Amino acid sequence: MKYKFISFINLFGLTVGLTCCLLILAYILNELSFDRFNEKSSRIYRVTRSFYSSDGVENLHLSAVAPPFGPLLQHEYPDIQNMTRLLNNGTTALKYDEKLFNEKNAWFADENFFSFFPVGVTSGNPQTCLRDPYTIMLSDEIAKKYFGNENPVNKLIRVDNQADCKVTGTFKSFPRNSHIHAEILLSFSTLNDSNVYGKKNLETNWGNNAFYTYLQFPKNYPVAKVEAQFPAFLDKYVHFPGEPPGTKASKNTRIYLQKLTDIHLRSHLDDEAEPNGDIKRVYIFSAIAIFILLIACINYMNLSTARSALRAREIGVRKVVGARRKEIIIQFLSESVFITILALIFAVVLTWLILPLVSSFAHQDFSIRNLLQTPVIISILLLPIIVGSVSGIYPALFMSSFKPTLVLKGALKIGKGNISFRQILVVAQFAISIILIISTVIVFQQLRYMQNASLGYDKEHIVTMPHIGALNKSYESFRAELLRNPNIKNVGRSSRIPTGRLLDDLGAKIMQGDSLKPITTDLKFISTDYDFIPTYGISMDAGRNFSRDYSMDTSNFIINNTAVQSLGWKNPQNAIGKDIIYGGVQGKIIGVMHDFHFESMHQKIIPLLCLLPSSNNGGYGRMSIKINGKNITSTINYIESVWKKYVPETPFQYTFLDENFAKMYASEEQQGSIFTAFAFIAIFIACLGLFGLSAFAITQRIKEIGIRKVLGASVSQIVSMISKDFLKLVIIAALIAFPIAWYAMHNWLEDFAYRINIAWWVFLTAGIMATLVALITISFQAIKAALSNPAKSLRTE
């Protein structure tokens with residue numbers, strides 16, 4: 001209470017550090033909790049599948065597998081207790097009475113779904129609700145949306161304007177910390193209908209890897225033993241039509257078992273059910289939490305030792321009246337723990353207030369409940385003892401070492417070793433701060449690079465919509481009516497759109513010598529119509545686009561420049577007219593597209609082939625509409641009116657392509673913002689520590705400053721004299737921080753196929769920023785000391 005300002009800074013610094021730690025702890029606990037609400041989580045594994053090129057290089061690893069895998073694995077390995085499959089139905093139109101909505105989270109699910117994912121059935125029998133074909137279950141939220149307070153069970157609901165399904169039950173929404181969030185469950189047995197998927201396809205189709213397959217094993221089962229037998233399993237069961245006898249599937253494809261609890265943080269496979277987290281991010285934020293708390297502890301040490309000269313006589317008197325060094329150490333450690341307890345109380349309150357804002361920003365459920373688990377509460381209660389001891393041990397040892405005879409005479413001198421230790425602490429603080437500043441700048445540089453890089457296509461003012469089967473017969477009329485609007489420039493269809501992933505590969509052969517031979521490279525494809533390439537403004541390096549004037553184009557292909565190089569042709573022109581078989585269809589290459597970034601900058605541009613389906617319903621999944629950017633609202637309204645005219649039973653929905661583009665890098669955007677916040681906090685707390693150390697140094701040199709002023713030294717000379725010693729520390733911190741920051745960010749950038757080069761000026765800028773902040777902090781007290789009355793300074797004893 002006697003030194004309120006210093007005590008406040010001590011308390012404030014620790015409060016900020018502990019608040020940051022608690023917020024990051026809430027995030028980490030949330031990330032680690034995914035799928036652990038499931039009591040069987042330790043026994044459930046997901047089957048994944050990878051594909052390999054002829055030279056043994058993995059070119060695709062899918063989180064889902066073909067439909068026959070699940071039943072056959074259960075049959076082949078009796079130790080597997082249970083199996084279930086899920087198939088995402090994509091955006092699904094549901095209609096009841098006059099209510100018509102597009103629902104995103106609709107899945108086909110096996111009848112034993114709830115034995116794997118016990119989210120809680122609120123009506124109906126969980127064992128039988130999904131047994132019969134054309135039955136459907138709804139989450140409580142969806143049921144309320146369609147039926148209000150009515151009992152939905154046994155009601156009929158129209159699905160995709162194709163079939164009526166009977167509602168057999170409702171279930172609670174999946175927890176936020178689940179890797180899937182199904183809101184609508186359609187019975188898997190519905191897929192046996194040949195009009196939907198077909199029983200034969202479920203048993204023999206090894207190419208459609210869209211079925212998420214989960215296996216349940218006994219407790220503590222050696223899963224690796226089963227996994228080791230998978231190559232033989234593949235060779236026994238997996239066969240494709242037209243393969244030579246004796247072909248071993250295990251040379252080209254493999255399957256793996258993945259823990260349910262590993263999916264969210266350790267799975268970054270192709271075609272995940274939902275975007276996952278990243279264990280690297282957990283490690284990064286854990287390190288930041290430790291760094292911030294360490295800076296706060298260093299700050300406390302510096303401020304406590306800065307105050308030591310003020311408390312020297314107190315320590316001397318205590319020793320004279322009999323206090324032993326151990327008792328003085330305990331006294332100062334007790335003070336430190338007490339201050340930390342107060343800081344923790346304030347930090348808990350701040351965390352409770354701030355956590356909803358952080359949750360909203362991160363689109364996650366960072367509930368205070370995550371911190372109310374018994375092990376977490378015990379850890380938090382131990383924090384004051386740990387942090388208080390770490391923060392207080394050096395000041396306690398330092399101040400308890402004062403000799404009472406020197407202290408009471410006012411002859412206390414601080415040894416160089418002690419100053420050196422405090423200088424090391426300041427260097428550590430600023431090194432951490434500079435690392436965070438550099439990291440922040442590089443994250444945002446990479447983000448801006450990805451957002452502004454030339455993509456090879458025009459993403460602006462493209463409206464994307466689902467292409468549904470009901471449009472197949474009337475598509476040309478639908479397209480012609482859209483183009484009557486002068487604000488609509490073009491309309492194209494494709495199986496996938498840019499910002500998605502390229503997952504589809506049908507296998508290719510090209511002419512080598514006198515025969516067609518399988519290619520050794522991975523060649524992905526998308527189905528496109530005549531207008532996809534012009535809609536996206538993709539330029540042609542050679543040849544031409546598909547044309548309605550050429551009926552044979554349904555047997556021809558367009559490839560990108562990367563495919564030209566991968567297939568061994570010298571330039572795009574050499575590829576034109578070459579024979580190729582793709583997916584069993586023989587034709588010629590009629591055009592070469594300029595390379596464009598179909599996927600995100602995390603992935604390299606890969607060989608890509610465009611094919612024109614032979615029928616109007618040939619696998620189109622998306623429609624892209626290029627508008628001129630004028631009168632956007634009225635143009636969207638016009639598109640909606642045309643949509644309702646042709647497909648009135650399907651709700652109209654759309655997105656702009658640039659919105660999808662922004663979502664690809666939302667994670668990096670959040671990471672940059674969080675780095676910015678923590679960099680600011682780190683350097684702020686570091687400056688508090690520097691404030692304390694400069695106060696300490698000035699107190700020690702108060703007579704020297706007075707003598708220099710009497711001898712004619714100017715204010716600027718005195719400020720320069722005091723500041724230069726501290727600025728040396730910041731420069732040393734920068735030299736230490738630069739290589740560490742470069743190494744860390746170089747590794748981070750390795751995750752991007754297309755990335756910036758780390759520029760030297762980023763390091764220089766970060767060093768200058770830290771130096772300026774330090775200079776302002778020091779100058780505040782240096783100027784005050786330089787302006788003080790030298791007569792008063794020289795009287796000080």
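Test PHE366 against the stated conditions and say whether it is open to solvent by less than 20 Å² (accessible area, probe 1.4 Å) and either within 23 Å of LEU436 (Cβ to Cβ) or touching a strand residue (DSSP E or B) at 6+ places or on another chain (Cβ under 8 Å) (or both).
yes
Which of (1) over 26 Å from ALA26 (Cα atoms); (2) touching an Asp or Glu at 6+ places or on another chain (Cβ under 9 Å); (3) open to solvent by 40 Å² or more (accessible area, probe 1.4 Å) is the odd one out, the single condition HIS268 does not satisfy?
Looking at each condition in turn, HIS268 falls short on (1).
Would you say LEU18 is open to solvent by 30 Å² or more (accessible area, probe 1.4 Å), modelled with pLDDT under 95 and within 27 Å of the chain's Cα centre (by Cα)?
Considered against the rule, which asks whether it is open to solvent by 30 Å² or more (accessible area, probe 1.4 Å), modelled with pLDDT under 95 and within 27 Å of the chain's Cα centre (by Cα), LEU18 comes out as no.
What's the number of the only condition in (1) in contact with a strand residue (DSSP E or B) (Cβ under 7 Å, 6 or more places away or on another chain); (2) of a type outside the set (Gly, Ala, Ser); (3) buried (at least 16 other Cβ atoms within 10 Å of the Cβ) that LEU506 fails to meet?
With respect to (1) in contact with a strand residue (DSSP E or B) (Cβ under 7 Å, 6 or more places away or on another chain); (2) of a type outside the set (Gly, Ala, Ser); (3) buried (at least 16 other Cβ atoms within 10 Å of the Cβ), LEU506 is out only on (3).
Is it true that some residue in the range 709-728 is among the β-branched types (Val, Ile, Thr), under 20 Å from LEU690 (Cα atoms) and open to solvent by 90 Å² or more (accessible area, probe 1.4 Å)?
no
What number of residues in the range 517-541 are modelled with pLDDT of 90 or more and open to solvent by 30 Å² or more (accessible area, probe 1.4 Å)?
Of the residues in the range 517-541, 6 are modelled with pLDDT of 90 or more and open to solvent by 30 Å² or more (accessible area, probe 1.4 Å).
From the residues in the range 729-743 that are within 31 Å of the chain's Cα centre (by Cα) and buried (at least 16 other Cβ atoms within 10 Å of the Cβ), which one is nearest to ILE438 (Cα to Cα)?
Among residues in the range 729-743 that are within 31 Å of the chain's Cα centre (by Cα) and buried (at least 16 other Cβ atoms within 10 Å of the Cβ), the one nearest to ILE438 (Cα to Cα) is ALA741.
Restricting to the range 35-50, and then to whatever is open to solvent by less than 20 Å² (accessible area, probe 1.4 Å) and of a type outside the set (Gly, Ala, Ser), can you tell me which residue is nearest to LEU502 (Cα to Cα)?
Within the range 35-50, the match that is nearest to LEU502 (Cα to Cα) is ARG49.
For the range 136-161: of the residues being touching a residue at least 40 places away in the same chain (Cβ under 8 Å) and in a loop (DSSP other than H, G, I, E, B), which is most open to solvent (accessible area, probe 1.4 Å)?
Within the range 136-161, the match that is most open to solvent (accessible area, probe 1.4 Å) is ASN161.
Can you pull out the residues in the range 51-80 that are open to solvent by 30 Å² or more (accessible area, probe 1.4 Å) and closer than 30 Å to VAL153 by Cβ?
PRO71
Which one of the conditions (1) farther than 30 Å from ARG448 by Cα; (2) of a type outside the set (Ser, Thr, Tyr); (3) out of contact with any helix residue (DSSP H, G or I) (no Cβ under 6 Å at 6 or more places or on another chain) does LYS630 fail to meet, given that it meets all the rest?
(1)
Name the one entry in VAL317, VAL349 that is open to solvent by 60 Å² or more (accessible area, probe 1.4 Å), at pLDDT below 85, assigned to a helix (DSSP H, G or I) and among the β-branched types (Val, Ile, Thr).
On inspection, the qualifying residue turns out to be VAL317.
Which residue, of ASN201, ASN208, is more than 30 Å from PHE366 (Cβ to Cβ), under 30 Å from the mean Cα position of the chain (by Cα) and open to solvent by less than 70 Å² (accessible area, probe 1.4 Å)?
Sole residue among the options that is more than 30 Å from PHE366 (Cβ to Cβ), under 30 Å from the mean Cα position of the chain (by Cα) and open to solvent by less than 70 Å² (accessible area, probe 1.4 Å): ASN208.
Name the residue that is nearest to ARG622 (Cα to Cα), counting only residues in the range 444-463 that are surrounded by fewer than 21 Cβ atoms within 10 Å (Cβ to Cβ) and touching a helix residue (DSSP H, G or I) at 6+ places or on another chain (Cβ under 6 Å).
LYS459
Of all residues in the range 654-681 being farther than 29 Å from GLY767 by Cβ and at pLDDT below 90, which is least open to solvent (accessible area, probe 1.4 Å)?
Taking the candidates together, the pick is PHE661.
Is it the case that ASN472 is over 22 Å from LEU609 (Cα atoms), in contact with a strand residue (DSSP E or B) (Cβ under 6 Å, 6 or more places away or on another chain) and open to solvent by 10 Å² or more (accessible area, probe 1.4 Å)?
no
Looking for something more than 29 Å from ALA741 (Cβ to Cβ), of a type in the set (Val, Ile, Thr), buried (at least 16 other Cβ atoms within 10 Å of the Cβ) and modelled with pLDDT under 85 - is there at least one such residue anywhere in the range 283-295?
The answer is no; no qualifying residue exists.
Might you check whether a residue that is touching a Pro at 6+ places or on another chain (Cβ under 9 Å) and either loosely packed, with under 14 Cβ neighbours inside 10 Å or in contact (Cβ under 8 Å) with a residue 24 or more places away in the chain (or both) occurs anywhere in the range 509-516?
Looking for residues that are touching a Pro at 6+ places or on another chain (Cβ under 9 Å) and either loosely packed, with under 14 Cβ neighbours inside 10 Å or in contact (Cβ under 8 Å) with a residue 24 or more places away in the chain (or both), one finds at least one in the range 509-516, hence yes.
Inside the range 542-642, counting only strands (runs of 3 or more DSSP E) that do not spill past its ends, which hold 2 or more residues that are crowded, with 18+ Cβ neighbours inside 10 Å and without any contact (Cβ under 8 Å) to a residue 60 or more places away in the chain?
557-560, 585-593
Specify the residue that is farthest from VAL119 (Cα to Cα); the eligible residues are those in the range 198-222 that are assigned to a loop (DSSP other than H, G, I, E, B) and free of Cβ contacts under 8 Å to residues at least 60 places away in the same chain.
GLY198
Would you tally the residues in the range 476-507 being at positive phi and either at pLDDT 95 or above or polar (S, T, N, Q) (or both)?
1
The values are calculated or read from the model by the stated rules, or taken from the named source; none is laboratory data. These numbers come from a predicted model, not from an experiment. Backbone-built Cβ (ideal geometry, glycine too); neighbour counts: all protein chains shown. When the accessible area is computed, the model is the full protein with side chains, heavy atoms only, and any ligands, DNA or RNA have been set aside. Shrake-Rupley method; radii C 1.70, N 1.55, O 1.52, S 1.80 Å.
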